[in-house]
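Q: Supplied in structure tokens, the structure appears directly below.
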Amino acid sequence: DGGITQSPKYLFRKEGQNVTLSCEQNLNHDAMYWYRQDPGQGLRLIYYSQIVNDFQKGDIAEGYSVSREKKESFPLTVTSAQKNPTAFYLCASSSRDRGLGGELFFGEGSRLTVL
Amino acid sequence: KQEVTQIPAALSVPEGENLVLNCSFTDSAIYNLQWFRQDPGKGLTSLLLIQSSQREQTSGRLNASLDKSSGRSTLYIAASQPGDSATYLCAVYNQGGKLIFGQGTELSVKP
């Protein structure tokens, strides 16, 4: 089945550690996105990528990094510089540049807890 | 600056009732509007996408309408079922290339 796979589903991290969240899609979509969801704050865009080897910062990129070496993959690293990393992270993809308004599809999410 | 508002924040209805969820936005210059469903602890599932040139979209018991001039969209759910219980979010694509989400409406359908 086509879709977006995020792993791990749950992740625990000690303060000061970097962690990487995986996002893989087999929908042949060009654009991929990372969102963070916190209670009462809705979804906020961290990074997005419209094509391979290119990505842009979203609204809350500080303390995060990404790469886009393959069309199918868009991993997110939560670095120790992120002040409040405990959150639910959602990866999404769309078939067209979001500026053109392609339909957005989401993965199942990864819940990160910092101990 | 585009703002997306969903009212009410929570809604509880008995099974079988028809219901309407509301989404309003402040800037009418949008490419499209998308409705999602989110179950607790899960990702978002796309329900309906309405392009800016369209007035409505239908999928099964769901019907979404769009009125750009008034900055409003509604999601109509017919004959609600307990399985419809979830949080429903709307999101608009700005012509500035930005996707803005509402805070969501948490729906509970009681058997």
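Each row is one residue, and each column tells you yes or no for (1) modelled with pLDDT of 95 or more; (2) touching a Leu at 6+ places or on another chain (Cβ under 9 Å); (3) within 14 Å of chain B (Cβ to nearest Cβ).
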position	(1), (2), (3)
A:ASP54	no, no, no
A:TYR64	yes, yes, no
A:LYS71	yes, no, no
A:LEU76	yes, yes, no
A:SER80	no, no, no
A:TYR89	yes, yes, yes
A:SER93	no, yes, yes
A:ASP97	no, no, yes
A:GLU103	no, yes, yes
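Q: Here is a follow-up. Filter segment B:71-101 down to the residues that are at pLDDT below 95 and part of a loop (DSSP other than H, G, I, E, B) and list them by number.
A: B:GLN95, B:GLY96, B:GLY97, B:LYS98
Q: Related question: Looking only at segment A:27-43, count how many residues are farther than 13 Å from A:THR86 by Cα and at pLDDT below 95.
A: Residues in segment A:27-43 being farther than 13 Å from A:THR86 by Cα and at pLDDT below 95: 11 in total.
Q: With the condition being under 24 Å from B:ARG37 (Cα atoms) and in contact with a strand residue (DSSP E or B) (Cβ under 9 Å, 6 or more places away or on another chain), I'd like the strands (runs of 3 or more DSSP E) fully within segment A:32-115 carrying at least 3 qualifying residues.
A: It comes to A:42-51, A:87-94, A:104-106, A:110-114.
Q: Got a sec? Which of B:SER12, B:SER46, B:SER65 is of a type in the set (Gly, Ala, Ser), part of a strand (DSSP E or B) and facing another protein chain (nearest Cβ under 10 Å)? Give the steps one after another, and end with the answer.
A: Values: B:SER12 fails: facing another protein chain (nearest Cβ under 10 Å); B:SER65 fails: facing another protein chain (nearest Cβ under 10 Å).
Result of the check over B:SER12, B:SER46, B:SER65: B:SER46.
Q: Residues A:GLN37, A:GLN56, A:GLN50, A:GLN17: which one is surrounded by fewer than 21 Cβ atoms within 10 Å (Cβ to Cβ) and without any contact (Cβ under 8 Å) to a residue 24 or more places away in the chain? Explain how you work it out, then say what you get.
A: Numbers: A:GLN37 fails: without any contact (Cβ under 8 Å) to a residue 24 or more places away in the chain; A:GLN50 fails: without any contact (Cβ under 8 Å) to a residue 24 or more places away in the chain; A:GLN17 fails: without any contact (Cβ under 8 Å) to a residue 24 or more places away in the chain.
Answer to the check: A:GLN56.
The values are calculated or read from the model by the stated rules, or taken from the named source; none is laboratory data. Keep in mind it's a predicted model, so treat the numbers as computed, not measured. In this analysis, Cβ positions are derived from the backbone assuming ideal geometry, glycine residues included, and neighbour counts consider all displayed protein chains.
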